[in-house]
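Read the figures in this text as sums done on the coordinates, not as results from a lab. Here the structure is a predicted model, which means the values were calculated and not measured. Ideal geometry is used to build each Cβ from the backbone, glycine not excepted, and the neighbour counts take in all protein chains shown.
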Amino acid sequence: MKKLVVRLVVLALVAVAVVYGAILLWTKVINKPEDELSTDDLSAALVDTTIANVTTAVTDTATDTVADGVSGVWVATSESTLGYRVKEVLGGVDTEGVGRTSAIDGSITIDGTVVVEGGFSVEVGSIKSDSSRRDGQFTGRIMDAATFPTASFVISQPIDFGTIPTDGEQITVEATGDLTLRGTTKTVTFPLTAEYSNGRVGVFGNIPIVFAEFGIPNPSNQFVTTGDNGLLEFVLVFERD
């Protein structure tokens, strides 16, 4: 009897080890979450040889200063990326849930070195991860996309970069605006990095989100445990309207 108990315990431990190892392999190697967006992604998104001639056109038509060349309305392009990042624990293994979309509607208005107005919006249902199960939870119980189909951000104060970045240079300042998630609007302030390259304007930022502040239910379920916060991250690429 004692030997049987020992064998059962050993088998149970082996089974746990196999399951844990499988989860570890899946989350860290086979299905590793996408890396967090960064300023490197901003630079990469602005690289496009097919529009290299735009830079010359903008410079040649500027009559006074470089700032005159970027003044005006700029609209978001399909090179833009926005999404969420949430730390998860799956079967005792630390990982991250990541969802993204490029279906972004946005614009900024620049006057010299100042972004005087601007913002972006996304259809919540367009944000996809690597898991249909996660997507179902995200658009359903968590974000209730049927009731609140759109998430948005609008700047509430002009953003002064002080100078226009030289081609490929990056400048970081603070941005303040109204973020709306799941029907709740909060004022947020966060670092925003801008770059001007190939005749296009790009911005990178990430905004920490405390779920309860926006009325977002904790994403934890019977399979996955999360914390009480996440990250909204984006790289937005704008071209002249």
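Per 5 Å bin, what is the whole-percent P(r) computed from every C-alpha pair distance within segment 123-224?
2, 11, 18, 18, 15, 13, 10, 8, 3, 1, 0
Taking the mean number of other Cβ atoms within 10 Å as a proxy for protection, how do you rank 113-123, 142-152 from highest to lowest?
Taking the mean over residues of other Cβ atoms within 10 Å, the ranking is 113-123, 142-152.
So how do ARG100, ARG133 line up by other beta-carbon neighbours within 10 Å, fewest first?
Least to most surrounded, the residues fall as ARG133, ARG100.
Output wanted: per-residue J couplings in Hz (rounded whole) for segment 136-148, from phi through Karplus 6.51 cos²θ - 1.76 cosθ + 1.60, θ = phi - 60°, x for Gly and Pro.
Once rounded to whole Hz, the list reads x, 5, 5, 7, x, 4, 7, 9, 6, 4, 5, 8, 10.
Would you kindly compute the Cα radius of gyration of segment 35-240 and its largest Cα-Cα separation (Dmax), both in Å?
My reading of the Cα-based Rg and Dmax gives 18.1, 62 Å.
What translational D, rounded to a whole number of µm²/s, comes out for segment 169-241 from Stokes-Einstein when the hydrodynamic radius is the Kirkwood one over Cα pairs, at 10 °C and 1.306 mPa s?
The Stokes-Einstein estimate is 111 µm²/s.
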